[in-house]
Amino acid sequence: MSVSGEQLPSEIETIAVLGAGTMGHGIAQVAAMAGYGVVLYDTSREALEHGVERIERNLHRAIQLGKFTDDERDAALQRIRGTLRLERTLQADLFIEAAPEKLELKQELLRQIEQSATRPFIFATNTSSLSISEIASAAQIPARVVGMHFFNPVHIMKLVEIVVGKQTAPAVVEMVQRVGRRMKKEPITVRDVPGFASSRLGVALGLEAMRMLEEGVASARDIDMAMELGYNHPMGPLRLSDLIGLDVRLAIAEYLHRKLGSETFRPPEILRRLVAEGKLGKKTGEGFYRWDVEER
Ligand code: NAD
């Protein structure tokens, strides 16, 4: 799908991040560190203030670790402006939406921006599971809608998945790839399919590890070690499932099973049972492992 030149920004200078929660504050931070002007928007004053505090804390830690200087921190913080009013974001060249995972909410934000924007822009969504094409169906110009899927914690994780919707323009993909690189991330480019690349592959591995545990192939620790020591994964699939939360893993598995129709994603009994028992992993103190209070 092509878009005319005047519908796209010639360069990305200002980024508006919509939502200052777990992901939004991190995206705002890496954008400011990359030298972009940043407008951080949230509908909740508390969430906005908390988001800015978390950025300040992260930068403080980076200074303690010798990765950042006081001057760099001050410059990064000066580039971020927080707001509770959507109209204050409208000078942005790129919107990165990190609001809750609800299709209608994301579509409504997109519609509002499209109606009020006075200059060309790109709209990127950080959705982890919704279809980019479906979000874009609310837009008058779906060619400028794309996925930019960051990972938690954003200031540490190197990956950004660029998700190309059915109608996303190639020029838009190139622009957000460049933005990702400037944020010191490694962009991978993925077609808009359920689970994109990262969740589909990660969940498949996690579910197979659960089936192996169910069948008594080896203990949770030994299955994880097979991947950690044999394949150089920083963390085995069962420990990682505990960290992500078994309820979250089950919901994604059910979604992928439904959407892709593959037995690979049928949730194993052991996962259903643990979730039913309230053993959701690290956050509740037990999943495939027991977690000490200090670890939580
Ligand atoms: P979160 O709940 O921590 O943050 C969402 C923020 O959006 C909140 O601060 C909330 O006040 C704000 N908000 C609510 N309505 C809004 C609106 N209309 N406009 C602007 N802001 C609004 O959620 P999160 O974990 O940061 O997830 C945000 C998005 O990122 C979701 O689409 C999620 O699927 C995706 N994602 C999450 C993770 C993760 O590990 N948490 C990883 C990758 C992608």
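Descriptive notes on the structure:
- Unmet requirement for Gln29, which otherwise passes all of (1) crowded, with 20+ Cβ neighbours inside 10 Å; (2) not aromatic (Phe, Trp, Tyr); (3) not in a helix (DSSP H, G or I): (3)
- Considering the conditions (1) surrounded by fewer than 17 Cβ atoms within 10 Å (Cβ to Cβ); (2) at pLDDT 95 or above, Phe121 is excluded by exactly one of them, (1).
- Members of region 89-134 found to be within 11 Å of the ligand (Cβ to nearest atom) and of a type in the set (Val, Ile, Thr), listed by number: Thr89, Ile96, Ile113, Thr125, Thr127
- Residue within region 79-88 that is polar (S, T, N, Q), modelled with pLDDT of 95 or more, near the ligand (Cβ under 10 Å from one of its atoms) and more than 20 Å from the chain's Cα centre (by Cα) present: no
- Residue identified as among the acidic types (Asp, Glu), in contact with a helix residue (DSSP H, G or I) (Cβ under 9 Å, 6 or more places away or on another chain) and surrounded by fewer than 21 Cβ atoms within 10 Å (Cβ to Cβ) among Glu186, Glu174: Glu186
- The set of residues in region 148-203 being over 23 Å from Gln7 (Cα atoms), of a type in the set (A, V, I, L, M) and assigned to a helix (DSSP H, G or I) consists of Leu201, Val203.
- Here no strands (runs of 3 or more DSSP E) wholly within region 50-133 include at least 1 residues being touching a residue at least 40 places away in the same chain (Cβ under 8 Å), outside the structural domain of Gly37 (by TED's automatic domain parsing) and farther than 30 Å from Ala171 by Cβ.
The values are calculated or read from the model by the stated rules, or taken from the named source; none is laboratory data. Just so you know, these numbers come straight off a predicted model, no measurement behind them. Don't worry about glycine lacking a Cβ; one is built from the backbone with ideal geometry, like all the others, and counts go over all protein chains shown.
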